[in-house]
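Since the structure comes first, as structure tokens, the remarks are kept for the end.
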Amino acid sequence: MRVDVITIFPTVFREFLGASLIGRAIAAGLLEIHVHDLRDYTDDPHRSVDDEPYGGGGGMVMKAEPWLHAVRAVCGDGPRPHRILLSPQGERLDDARVRSLAGEERLLLLCGRYEAIDERVRMLVVDSELSVGDYVLSGGEVPAMTVIEAVSRHIPGVVGRPESVENESFRSGLLDHPHYTRPRTVEGIEVPDVLRSGDHARIDAWRREQALKATRRKRPDLLAGDMRGQEVAPKAPNRR
Ligand code: 9WO
């Protein structure tokens with residue numbers, strides 16, 4: 001997969017792209033990432049990318065033309081990328097959307113700054129507007145890294161063991177079960193006996209039960225209506 005990023009802070013991507021999973025995916029040729037400086041696509045001596053809003057009010061608005069020039073230049077060569085603007089006004093990114101983006105040959109991520117972006121950018125060069133959560137940040141760079149990291153995990157070969165991706169939270173629609181490692185006791189808290197029993201059928205059943213309980217308690221919105229009130233385990237003792 002090829003990902004292009006347009007930002008006024010290209011340097012903030014450097015460390016991120018070299019680290020760990022992403023760095024290895026790039027080195028292995030599974031992922032290609034190009035970061036572009038929006039200011040390179042301005043045509044005034046001050047390289048300005050923002051201006052005052054029509055209609056007044058506070059804050060600065062990102063000018064349309066640098067974006068139009070940058071997007072068209074970056075799209076120029078090769079297959080047409082799916083063009084994504086990261087913004088709190090976008091549709092919420094979730095696991096299903098991440099998987100669908102992973103199927104694209106090319107992505108182009110547009111990272112805004114300041115208080116807003118001229119509406120003509122959305123109208124002319126954006127295919128999807130995506131949000132990573134209902135809060136305002138200072139720009140789209142951190143959300144763009146979120147998209148890159150989440151999508152990369154679904155490119156075949158990027159995560160060493162494909163089961164890791166498949167077993168994770170969200171494919172099953174449930175949160176993860178609790179995990180333990182050595183030592184057996186930490187500040188008086190013991191590892192549950194079942195995990196040391198060696199009985200893998202019981203361990204699987206325990207993990208499924210814990211996952212369902214955790215989801216019901218912390219994220220009931222993830223459960224289908226028919227799973228919300230049900231007993232966790234078929235033979236669970238009556239709690240009423
Ligand atoms: C600022 C603002 C202030 C008061 C009320 C609403 C507001 N919206 C914004 C705003 O959207 N500012 C943006 C800053 C302009 C584009 C880039 N910025 C941004 C992207 N902030 N937060 C994101 C973002 C992107 C994806 N998911 C979550 C947040």
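The values are calculated or read from the model by the stated rules, or taken from the named source; none is laboratory data. From a predicted model like this one, the values you see are computed outputs, not experimental measurements. As a convention, Cβ positions derive from the backbone with ideal geometry for all residues, glycine included, and neighbour counts pool all protein chains shown. The accessibility values were calculated without ligands, DNA or RNA, using every heavy atom of the protein model including side chains. Shrake-Rupley method; radii C 1.70, N 1.55, O 1.52, S 1.80 Å.
Below are the figures for this structure:
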quantity: MRE, 222 nm, helices only [DSSP H, n ≥ 4, -39500 (n - 2.57), over the chain, to nearest 500]; calculated: -9500 deg cm²/dmol
quantity: Antiparallel bridges, percent of DSSP beta bridges restricted to the chain (to nearest 5); calculated: 15 percent
quantity: Other-chain or far-sequence residues with amide H under 5 Å of residue 36's (modelled H); calculated: 5, 6, 7
quantity: Cβ-defined net charge surrounding residue 180, 13 Å radius [Lys, Arg +1; Asp, Glu -1]; calculated: +1
quantity: Whole-Hz ³J(HN,Hα) from phi, Karplus 6.51 cos²θ - 1.76 cosθ + 1.60, for segment 30-43, glycine and proline x; calculated: 8, 9, 10, 10, 10, 9, 10, 8, 3, 5, 5, 10, 8, 10
quantity: Residue-normalised accessible area of the chain, expressed per residue, 1.4 Å probe, Å²; calculated: 60 Å²
quantity: The chain: most fluctuating residue of 38, 107, 124 per GNM, C-alpha cutoff 10 Å; calculated: 124
quantity: Whole-Hz couplings from phi, Karplus 6.51/-1.76/1.60, listed for segment 53-61; x for Gly and Pro; calculated: x, 4, x, x, x, x, x, 10, 10
quantity: Highest-fluctuation residue, 192, 143, 220 considered, GNM on the chain with Cα pairs under 10 Å; calculated: 192
quantity: Percent carbon-and-sulfur accessible area, segment 1-129, ignoring ligands, DNA and RNA, probe 1.4 Å; calculated: 49 percent
quantity: For segment 98-109, 3J(HN,Hα) per residue [Karplus equation, 6.51 cos²θ - 1.76 cosθ + 1.60, θ = phi - 60°, Hz, x = Gly/Pro]; calculated: 4, 5, 5, 5, 5, x, 7, 6, 9, 10, 10, 9
quantity: Protein-only accessible surface order, largest first, of 213, 218 at 1.4 Å; calculated: 218, 213
quantity: Residue with peak Gaussian network fluctuation, the chain [Cα springs, cutoff 10 Å], from 30, 195, 110; calculated: 195
quantity: Amide hydrogen neighbours beyond the local backbone of residue 131, cut-off 5 Å, H modeled; calculated: 87, 90, 91, 92, 93
quantity: For segment 83-121 versus segment 145-210, the gap between their alpha-carbon centres in whole angstrom; calculated: 29 Å
quantity: Length added when fully stretched, residue 27-residue 48, from 0.36 nm per residue minus Cα-Cα; calculated: 4.1 nm
quantity: Gain on full stretching of the segment that runs from residue 138 to residue 191 - 0.36 nm per residue minus C-alpha separation; calculated: 14.8 nm
